[in-house]
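Every read-out reported here was derived from the displayed coordinates using simple, explicitly stated rules and does not represent laboratory data. Only a predicted model underlies this, so the values are computations on that prediction, with no experimental measurement involved. Neighbour counts run over all protein chains shown; Cβ positions are idealised from the backbone, glycine included.
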Amino acid sequence: MARIIKYILLDILRTRFILAYTLFLLLCAVGMFQLDTDTSKVVLSLMNILLIVTPLVSIVFTTIHFYNSYEFIEMMLAQPIKRSVVFLSQYIAVAVSLCMAYVVGLGIPMFIYGANTSSIALLYSGVALTLVFVSLAFLSAVLTRDKAKAIGVALLFWFYFSLIYDAFVLWVLYNFSDYPLENATLAMIALNPVDLARILMILQLDVSALMGYTGAFYKDFFGGNMGLIFSVSVLLLWIIVPIYAALRIFKKKDL
């Protein structure tokens, strides 16, 4: 398995896309630090960009890579190698390459200009979102043999979690504003990894006061050990559940 991962990983790292993604993140970070020396403000600006860009890049690149590697997957499955080994090797290689690009692109400028807890939180949230959307991309890829349909499903995942779900949450909060919705909102946030990452970042930046009473509730919850365990556990579930479902489908899929 290690040899397969190494071969796929080296093949991915040679692509121009990974280099372009790393340079894009690097230029964004350096540009933000050139405009403002306040690390917290820079992290907040980068968060607004990366909560959209990172999931989109992860899910689209992974889906396209899976279909471009179809012949390689079929060749490997013709050997006495388990399907789970081939599938998980693909997942690990893609996830590691995208996480490396993210950490290198953002991590280097942050540590040069001065890293703090908000910078570490941004790196953690970005890596977690990368893994989540790579898992969702593999799930969308194994659902259909048609590459165009798979990309459409992947983009629908991104569109739903990044845009549509927020509109739904705002609708609920607006229409039921007379009721105590803190616990309900917490549950809704747990159902969206992008929102969960956003809340964690906002609390690390200490701007939760702008969110009023609800922000105080989130700060009390996520600021403690239970909040940290909850957030890490939910994000792990968002990583594990889709890839586990995709693996089960792939094992039974007729290639």
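Per DSSP H run of n ≥ 4, the term is -39500 (n - 2.57); total these for the chain, divide by its residue number, and report the mean residue ellipticity at 222 nm rounded to 500 deg cm²/dmol.
My calculation for the chain gives -28000 deg cm²/dmol from helical runs alone.
Taking the chain as a Gaussian network, where each spring joins two C-alpha atoms under 10 Å apart, which residue of Val241, Val169, Val104 fluctuates the most?
With Cα springs under 10 Å in the chain, the top fluctuation among Val241, Val169, Val104 is at Val169.
Based on alpha-carbon centroids, what's the gap between segment 1-80 and segment 146-178 in Å, whole number please?
For segment 1-80 versus segment 146-178, the Cα centre distance is 23 Å.
Using label points projected 7 Å from each Cα along Cα→Cβ, tell me how many nm separate Leu143 and Val104, to one decimal.
If labels sit at Leu143 and Val104, their model points lie 3.2 nm apart.
For segment 230-244, what does the Karplus curve 6.51 cos²θ - 1.76 cosθ + 1.60, with θ = phi - 60°, yield as ³J(HN,Hα) per residue in whole Hz, taken in order and with x for Gly and Pro?
4, 5, 5, 5, 5, 5, 4, 5, 5, 7, 6, 4, x, 6, 5
Straight-line reach from Lys251: which lysines fall under 16 Å, measuring Cα to Cα and dropping same-chain residues less than 8 apart?
Answer for Lys251, where 16 Å is the Cα cut-off: Lys82, listed by chain and number.
How high is the relative contact order of segment 2-252, in percent, counting Cα pairs under 8 Å that sit 6 or more residues apart?
26
With θ taken as phi - 60° and the coefficients 6.51, -1.76 and 1.60, list the Karplus ³J(HN,Hα) couplings across segment 158-172 in order, rounded to whole Hz; mark glycine and proline as x.
Here the 3J(HN,Hα) series is 4, 4, 5, 6, 8, 10, 5, 4, 4, 5, 5, 4, 5, 5, 4 Hz.
Report, in degrees rounded to the nearest 10, the 0 to 90 angle that the Cα long axis of helix 16-35 makes with the longest principal axis of the chain.
Helix 16-35 and the main axis of the chain meet at about 20 degrees.
Against the longest principal axis of the chain, how steep is helix 39-68, in degrees 0 to 90 to the nearest 10, with axes from Cα atoms?
It works out to around 20 degrees.
What distance in nm separates the two pseudo spin-label positions at Ala187 and Glu74, each 7 Å out from Cα along the beta-carbon direction?
It is 4.7 nm.
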